[in-house]
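A short worksheet on the structure shown next.
The values are calculated or read from the model by the stated rules, or taken from the named source; none is laboratory data. All values derive from a computational prediction rather than experimental measurement. We place every Cβ from the backbone using ideal geometry, glycine too, and count neighbours over all the protein chains shown. With ligands, DNA and RNA removed, areas are computed over all heavy atoms of the protein, side chains included. Shrake-Rupley method; radii C 1.70, N 1.55, O 1.52, S 1.80 Å.
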Amino acid sequence: MTARIYTMVNQKGGVGKTTTAINLGAYLAKLGRKVLIVDLDPQANATSCLGVDKHSVKHGTYEAMLNITPALKSLLSNPTLGLTLLPSSPALAGAEIELVQEQSRDTRLKQALQPLAERFDYILIDCPPSLSLLTVNGLVAAKDGVIIPVQCEYLALEGVGQLMQTLQRIRQSLFPALKVRGVVMTMFESRAHLSTDVVGEIRKHFPNQVFNAIVPRSIRLAEAPSYGVPISAYAPNSTGAQAYMALAKELMTGDGVALPE
Ligand SMILES: Nc1ncnc2c1ncn2[C@@H]1O[C@H](COP(=O)(O)OP(=O)(O)OP(=O)(O)O)[C@@H](O)[C@H]1O
Ligand SMILES: [Mg+2]
């Protein structure tokens with residue numbers, strides 16, 4: 001087994017990167033996959049969403065990227081959820097500055113995750129909302145592509161256009177094989193014409209790149225993090241839960257991975 005590695009990326013804040021990493025991960029785990037969530041954001045939202053106090057994290061993504069502690073020694077596993085986390089902490093913000101002079105600064109995360117590839121089926125990396133050195137590390141580590149959460153809102157297309165240009169720059173400079181695995185439409189409001197229009201527009205511009213599963217705006221998805229659990233453990237029958245289950249199945253099917261009976 002060699003893990004498929006996907007990175008959740010969008011320089012725009014608050015579009016659902018972390019929500020997608022956590023809940024897609026939770027359903028891949030429910031479908032029998034071994035899943036690692038890598039928190040690559042100094043905000044450490046993925047870490048908090050999984051019930052871990054970011055201020056208590058002594059070893060995590062930062063220490064792995066700086067070669068202080070191997071990632072393997074920093075993993076936190078949640079057997080109930082079947083999820084493993086490489087946690088983040090505010091210290092990760094320092095990596096930006098500390099790595100800037102280093103030769104291999106763009107490949108630190110990729111290298112740090114290499115020893116874990118045989119232990120997991122899926123590694124999902126949650127990026128910060130910026131095009132910083134951390135995000136560049138996330139892109140370079142995205143062996144199997146990026147997953148782009150896009151909020152169903154005005155000017156969504158413009159934001160994705162900018163992101164596509166960034167991906168193109170990374171292809172030219174660092175990682176020619178960087179792929180888009182898919183765009184996930186988030187916070188869809190069925191009663192708002194705008195949501196439907198935005199989905200149509202994004203689909204038109206990125207044919208065959210938008211997942212069929214669309215994540216609705218769901219209060220349950222926003223509430224689950226305050227209980228430190230994914231939606232699968234908080235409101236498994238909610239519309240948001242169903243959407244992330246559908247997304248997990250769609251991803252696995254597209255990857256050629258058999259779904260459980
Ligand atoms: N489908 C949804 N329905 C309702 N609320 C949502 C949904 N998806 C995300 N949210 C909420 O919107 C906020 C932003 O989501 P999230 O943290 O996943 O975005 P992000 O892209 O990771 O943000 P950042 O760029 O700051 O890392 C959070 O409060 C989250 O709970
Ligand atoms: Mg986030």
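Checking the cross-link filter: which lysines have an alpha carbon closer than 20 Å to that of LYS12, excluding same-chain neighbours under 8 positions apart? Result set, ordered by chain and number: LYS179. Comparing mean-square fluctuations of ALA46, ALA241, ALA222 from a GNM of the chain with C-alpha springs under 10 Å, the top value falls on ALA222.
The slack in the chain from GLU250 to ILE219, taken as 0.36 nm per residue of separation less the alpha-carbon distance, amounts to 8.8 nm. If only the Cβ of Lys and Arg carry +1 and only the Cβ of Asp and Glu carry -1, the dipole of the stretch 190-261 around its Cα centre is close to 220 debye. One quarter of the surface of the convex hull around the alpha-carbon atoms of the stretch 172-217 equals 4.0 nm², the direction-averaged projected area. Charging the Cβ of each Asp and Glu at -1 and of each Lys and Arg at +1, and nothing else, the dipole of the chain about its Cα centre rounds to 340 debye. On full extension, the segment bounded by ARG171 and HIS55 gains 38.2 nm, given 0.36 nm per residue less the C-alpha separation. In percent, rounded to a whole number, the relative contact order of the chain is 26, using alpha-carbon pairs under 8 Å and six or more apart. For the stretch 65-129, the pair-distance distribution built from all alpha carbon pairs, in bins 5 Å wide starting at 0, is 3, 13, 26, 27, 17, 9, 3, 1, 0 percent. Any chance you could look up the accessible area of ARG220 with a 1.4 Å probe, heavy atoms only, rounded to 10 Å²? The accessible area comes out at roughly 100 Å². Using bins of 5 Å that start at zero, the share of Cα-Cα pairs per bin across the stretch 1-142 amounts to 2, 11, 23, 27, 22, 12, 3, 1, 0, in whole %.
Calculated accessible area for the chain comes out at 45 Å² per residue, all protein chains present (probe 1.4 Å; ligands, DNA, RNA ignored). To put it simply, the accessible area of the chain at a 1.4 Å probe is 52 percent carbon and sulfur.
On the principal axes of its alpha-carbon atoms, the chain has extents of 50, 42, 34 Å, going from largest to smallest.
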